[in-house]
Amino acid sequence: MAGSNAAWRNHADYSSLLKVGTFEQPKRGWIERSLPPRDRLASVYFASTQHDEDQPVHLKVADTKVCVTKCAAEYDNPCTRFCPAGVYEIVADESAQTGKRLQINAANCVHCKTCDIKDPYELITWVTPEGGSGPNYQNL
């Protein structure tokens, strides 16, 4: 049984992302239902992850310009969607050349490492936070 699943393990997870425009929107001929709203900050609170306010940022992005240019055009910034804690945001910034920039809310990080795994350009590196602790999964 283990051998039958071996083929899917031979590629990086980010390589499964589709670029913008390579797929068509699903045809939804049914009623759109929505889940009750989820408060991300409450979820971060229940994860019980602790960060010191003055600790160095543990999420390193090699080139943030790629985030607002190439990644925005090709993948529509997947980091703003795959992060369960809303750590990555693209915000307006008049002083930036593109008019927007990547904002990292590192204090919200629940240490799932999805950003390190799913980043299509391998620009995000998650390192162990200084003085922090991992999530308390019993509270989630």
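Residues in the range 84-131 that are in a helix (DSSP H, G or I), within 10 Å of residue 59 (Cα to Cα) and at pLDDT 90 or above: 2 in all. Scanning the range 37-83 for residues that are modelled with pLDDT of 85 or more and part of a loop (DSSP other than H, G, I, E, B) turns up 58, 62, 63, 69, 76, 77, 78, 83. Of the residues making up the range 55-87, those that are over 23 Å from residue 23 (Cα atoms), of a type in the set (Val, Ile, Thr) and within 15 Å of the chain's Cα centre (by Cα) are 61, 64, 87.
For (1) touching a residue at least 40 places away in the same chain (Cβ under 8 Å); (2) more than 11 Å from the chain's Cα centre (by Cα), each residue gets a yes or a no:
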site: 89; (1), (2): no, no
site: 93; (1), (2): no, yes
site: 106; (1), (2): yes, yes
site: 114; (1), (2): no, no
site: 122; (1), (2): yes, yes
site: 130; (1), (2): yes, yes
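Looking across the range 51-97, the residues that are among the small types (Gly, Ala, Ser), closer than 20 Å to residue 127 by Cα and either surrounded by 18 or more Cβ atoms within 10 Å (Cβ to Cβ) or touching a strand residue (DSSP E or B) at 6+ places or on another chain (Cβ under 8 Å) (or both) come down to 62, 85.
The values are calculated or read from the model by the stated rules, or taken from the named source; none is laboratory data. If you're wondering where the values come from, they're calculated on a predicted model, not measured in any experiment. All Cβ positions, glycine included, derive from the backbone under ideal geometry; neighbour counts span all protein chains shown.
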